[in-house]
Amino acid sequence: MLPACLTWEEAAWARLKCWVDLGIDDALEEMYGGEEDVDMDGEVAGANASWPVAEVRVQLPGGDDPAPEIFRALADEQASGRSVAAESSGLQRVVQRAIIIEDWAGLVEALSSWLAQDDGSEHQPGAAERARFAAHLVFALRALARRLEVDEDADEEDASILHFARGGMFATAVDDIATRYVVHLIEDERCLLMVPAYLAWMSPELRDLQFALFLGHMHNAPLDAKRAVYDEARPLFEASAGAIGSAASGTIRAVNEARYRAPPGAAGVALKAAAGEWLVCAPELHAHAMCYAVAVLRELALGGESSAAAMRLLDSLVEPAMASVPQTDASAAGSDDLMEADEGTDANTARLTAPEDMDVFEAEAWRQYFECQAALEELAEVMAKRGDPTEPPSPMWAE
């Protein structure tokens with residue numbers, strides 16, 4: 001049959017089929033004895049000299065598991081031909097061979113090596129498809145292992161994949177392969193909402209890092225797009241991670257990193273404001289939004305930035321966050337009441353003590369500060385035009 005086999009699958013089927021047929025012949029010979037053959041009806045017939053049993057046995061492996069030897073023969077150009085041997089090194093055949101012989105370590109190593117060939121070459125044809133195939137395959141193996149861990153009917157045959165899935169090599173391979181595919185998803189703007197679903201398969205520490213990098217890529221996206229991504233990530237991450245690897249921790253990390261690397265001047269202010277929008281995507285982040293806004297407002301004041309930049313930050317971060325930040329009765333009373341203590345009351349006790357309320361207090365103080373700065377900026381502009389007596393004062397100064 002081998003001369004008629006033109007593909008890897010045909011040659012594999014021929015060799016395995018002959019191994020099965022010989023096994024059946026051996027069983028029948030043991031059952032009935034002698035050199036006789038048995039026809040399809042189960043009747044004993046005379047020896048069939050046209051079946052070259054001895055020649056076939058030489059070409060097939062013995063034992064109960066012929067698969068490893070057969071796969072080695074398929075990769076041998078002399079034994080199987082040039083086209084079959086060349087096909088044997090393809091990714092699909094490597095995966096088939098590894099799954100059949102349960103070589104899980106060889107499988108993930110082959111996947112990682114195959115994907116590594118696409119490194120350093122932009123827009124390699126088929127790179128995204130190969131990364132997706134590899135990611136889905138290792139995810140399926142991890143899901144299978146998790147199911148077998150809780151399956152009471154799991155037997156010894158399942159022990160190999162369970163043992164491998166619990167090891168560090170498999171965890172590292174999943175992280176590496178998932179990261180490679182996430183890179184392709186981020187490059188395709190249409191697939192950004194899919195990114196959290198793939199990050200959820202990573203280890204918590206790496207997930208936190210990759211999620212922060214992903215959010216950094218989306219700093220300039222509209223607020224609605226940011227909210228959609230965060231809403232997608234939150235239920236996926238929280239199921240398997242505590243504080244580390246959660247959607248909230250990754251978001252806070254991304255925002256702080258953007259603040260630290262922001263350049264000076266208007267461009268840096270714009271980046272800080274855009275990054276801070278992530279902190280108004282969900283109520284659990286609003287307290288961090290207040291803290292972040294206060295820190296940036298301090299930097300703006302120290303850096304001598306215009307009041308317009310500060311007011312934009314107050315409007316985009318502080319106002320949305322104020323809606324859900326826990327406040328005491330004092331903090332809800334208004335900034336004027338916060339600044340004054342009742343007569344006969346210790347000034348220290350009149351001030352807020354909770355960190356969130358202190359941020360609210362400081363944010364309101366900064367609002368007043370920058371409103372005054374805006375007034376001074378307008379006054380300076382008016383003073384610069386005093387040479388023109390026909391220039392009317394602004395409504396604010398007229399009042």
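Which numbered condition trips up residue 264, out of (1) under 19 Å from the mean Cα position of the chain (by Cα); (2) farther than 27 Å from residue 358 by Cβ; (3) at pLDDT below 90?
If we test residue 264 against (1) under 19 Å from the mean Cα position of the chain (by Cα); (2) farther than 27 Å from residue 358 by Cβ; (3) at pLDDT below 90, just (1) comes out false.
Taking the residues in the range 71-121 that are over 23 Å from residue 175 (Cβ atoms) and among the polar types (S, T, N, Q) as candidates, determine which candidate is nearest to the chain's Cα centre (by Cα).
If we filter the range 71-121 for residues that are over 23 Å from residue 175 (Cβ atoms), which is where we start, we get 71-90, 92-93, 96-97, 100-101.
From what is left, the residues that are among the polar types (S, T, N, Q) are 78, 80, 83, 88-89, 92, 96.
Details: 78: 45, 80: 42, 83: 39, 88: 32, 89: 30, 92: 25, 96: 27 Å.
Selected residue: 92.
Would a scan of the range 220-238 turn up a residue that is open to solvent by less than 10 Å² (accessible area, probe 1.4 Å), at pLDDT below 85 and not β-branched (Val, Ile, Thr)? So that I can check it myself, show each step before the final result.
Step one: of the range 220-238, the residues open to solvent by less than 10 Å² (accessible area, probe 1.4 Å) are 226, 229-230, 233, 237.
Narrowing further to those that are at pLDDT below 85: 237.
Next cut, not β-branched (Val, Ile, Thr) only: 237.
Yes; the residues of the range 220-238 include at least one that is open to solvent by less than 10 Å² (accessible area, probe 1.4 Å), at pLDDT below 85 and not β-branched (Val, Ile, Thr).
What helices (runs of 4 or more DSSP H) completely inside the range 1-104 contain at least 1 residues that are at pLDDT 70 or above, closer than 30 Å to residue 133 by Cβ and not β-branched (Val, Ile, Thr)? Please lay out each step first, then the result.
Numbers: elements: 8-32, 53-59, 67-74, 77-80, 82-88, 91-100.
Here the list reads 8-32, 67-74, 77-80, 82-88, 91-100.
Pick from 137, 215, 162, 193: which is over 10 Å from the mean Cα position of the chain (by Cα) and crowded, with 19+ Cβ neighbours inside 10 Å? Spell out the reasoning first.
Numbers: 137 fails: crowded, with 19+ Cβ neighbours inside 10 Å; 162 fails: crowded, with 19+ Cβ neighbours inside 10 Å; 193 fails: crowded, with 19+ Cβ neighbours inside 10 Å.
Going through 137, 215, 162, 193 in turn, the sole match is 215.
The values are calculated or read from the model by the stated rules, or taken from the named source; none is laboratory data. Predicted model, so just to flag it, every value in this text is computed and none were measured. Here Cβ is always computed from backbone atoms with ideal geometry, including for glycine, and neighbour counts include all displayed protein chains. Quick note on the areas: whole protein, heavy atoms, side chains included, nothing else; ligands and nucleic acids left out. Shrake-Rupley method; radii C 1.70, N 1.55, O 1.52, S 1.80 Å.
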